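Below is one structure; the comments refer to it alone.
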Amino acid sequence: MRIDPKKILYLATIIEHGSLKSAAKALDMSQPALTTSMNRLEEELGMRVLERGPTGVVPTATGEVLYCHARLIRDEIGLAARALLSAQGGNPAIIRVGSLPSLASSVMPIALSRWRDIYRERELEVVEVPQIDLLTGLLRREFDFVFGFTECYDLENGLRQRVLFRDKLCVIARAGHPLASERNLQWEVLVTYPWVCPTARRSHVILDAALKKANVAPPEQMTVCGSVTLLKSLVVNGDHLAVLPAHAVRVDLDEGRLCRLDVSDSALDRNIAVFFREGYQLDEPSRELVSLVGSVGQELSNRERERAAIENNAPPENEVTKPEAANLLPAP
């Protein structure tokens, strides 16, 4: 079976526009020519891909299958165009950035707002996905750079990183949770409750490290999701526990929907870094965005440390943000 990629891309445009007329206009071609192209595609496949009716066109089951692949083809063409532009020394019109969901609810909105005050016309696209998807997407050139924590899942080859700030996570629960009033909680008790983790396809690195250090088995009930909003809803509406940076749940803590459990463990610290592909050069707007994410992250993290010190009647910890690892990028 021979499939013409151009016809598949035409099919995708038709499905997205809902009519041959609108799709032909978007493709800058005549409607009869587009109709002929689809007729030939169906003849080549020996299957119908579109159902035509008085209100427009809809894909058949075969058309839906082809549409999924057409989107992947189109994405790859876009990535190839960006890669060629970069190889020629040019900067793509759109800056594409990836971010952890836990940063997208706090650090990123503030940093982006400050960045927009400086760069009003530059196009920017921000996608929030779990760590493993950030790194694989960066290697596939789906992103120009990404913000995540310093865990590479053995994907270091071809990537560079620079630490921006140190984040301290906390164990959160709903207000009135059975453990809310308990002091100096241990992991042996915490794992007896259901947990929810804001990751996908991989286990929660921070939680795994803490449990391994304490020689405690993982929770029997674990829900994994890629949305911080869903995670918080599960915690608020049940006995689930979760690990998140305090700045990501500050509003919920202040308004009494969530509480921070009394858990002290150095394994709950993590470094947040910006990741680049080997040899990638940031333009001025990108460098400014990286700088702002770092400064906002430091501000929020320091603020949470000060809050914790006041609550515990202890001096705040000193923030350490200078990169020390040999493979870290120099400051842009």
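Take T150 and tell me if it is of a type in the set (S, T, N, Q) and within 18 Å of V290 (Cβ to Cβ). Judged against the criteria, T150 is a match. Against the conditions (1) surrounded by fewer than 18 Cβ atoms within 10 Å (Cβ to Cβ); (2) within 18 Å of R162 (Cα to Cα); (3) of a type in the set (S, T, Y), S266 satisfies every one except (2).
Among the residues that make up the range 210-225, is at least one of them touching a residue at least 24 places away in the same chain (Cβ under 8 Å), under 15 Å from A180 (Cβ atoms) and surrounded by 15 or more Cβ atoms within 10 Å (Cβ to Cβ)?
no
Criterion applied to H177, H247 was being under 30 Å from L282 (Cα atoms) and touching an Asp or Glu at 6+ places or on another chain (Cβ under 8 Å), and the one residue passing it is H247. Within the range 74-105, the residues that satisfy the criterion of being among the polar types (S, T, N, Q) and at pLDDT below 90 are S86, Q88, N91, S102, S105.
For (1) under 29 Å from E142 (Cα atoms); (2) in contact with a Leu (Cβ under 6 Å, 6 or more places away or on another chain), each residue gets a yes or a no:
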| site | (1), (2) |
| --- | --- |
| S19 | no, no |
| A26 | yes, no |
| S30 | no, no |
| L41 | no, no |
| R48 | no, no |
| V57 | no, yes |
| T60 | no, no |
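Does at least one position in the range 267-285 carry a residue that is farther than 24 Å from Q221 by Cα and of a type in the set (K, R)? Among the residues of the range 267-285, at least one is farther than 24 Å from Q221 by Cα and of a type in the set (K, R), which makes the answer yes.
With respect to R250, is the statement that it is basic (K, R), in the same structural domain as L179 (by TED's automatic domain parsing) and either closer than 22 Å to D208 by Cβ or in contact with a Ser or Thr (Cβ under 6 Å, 6 or more places away or on another chain) (or both) true? So R250 does not fit the description; no.
When L169, L207, L190 are checked against the criterion of being modelled with pLDDT of 90 or more, under 16 Å from R260 (Cα atoms) and either surrounded by fewer than 21 Cβ atoms within 10 Å (Cβ to Cβ) or aliphatic (A, V, I, L, M) (or both), L190 stands alone in meeting it.
In the range 21-36, the residues that are without any contact (Cβ under 8 Å) to a residue 60 or more places away in the chain form Cβ pairs under 7 Å with partners that are part of a helix (DSSP H, G or I) and among the hydroxyl-bearing types (S, T, Y), at six or more places apart or across chains, as follows: A23/T13; A26/T13; L27/Y10; L27/T13; L34/Y10. In this structure, does L289 turn out to be surrounded by 15 or more Cβ atoms within 10 Å (Cβ to Cβ), within 25 Å of the chain's Cα centre (by Cα) and either within 23 Å of A209 (Cβ to Cβ) or free of Cβ contacts under 8 Å to residues at least 12 places away in the same chain (or both)? Judged against the criteria, L289 is not a match.
The values are calculated or read from the model by the stated rules, or taken from the named source; none is laboratory data. As the structure is a prediction and not an experimental result, all values here were calculated from the model. Neighbour counts are summed over all protein chains in view; Cβ atoms, including those assigned to glycine, are modelled from backbone coordinates with ideal geometry.
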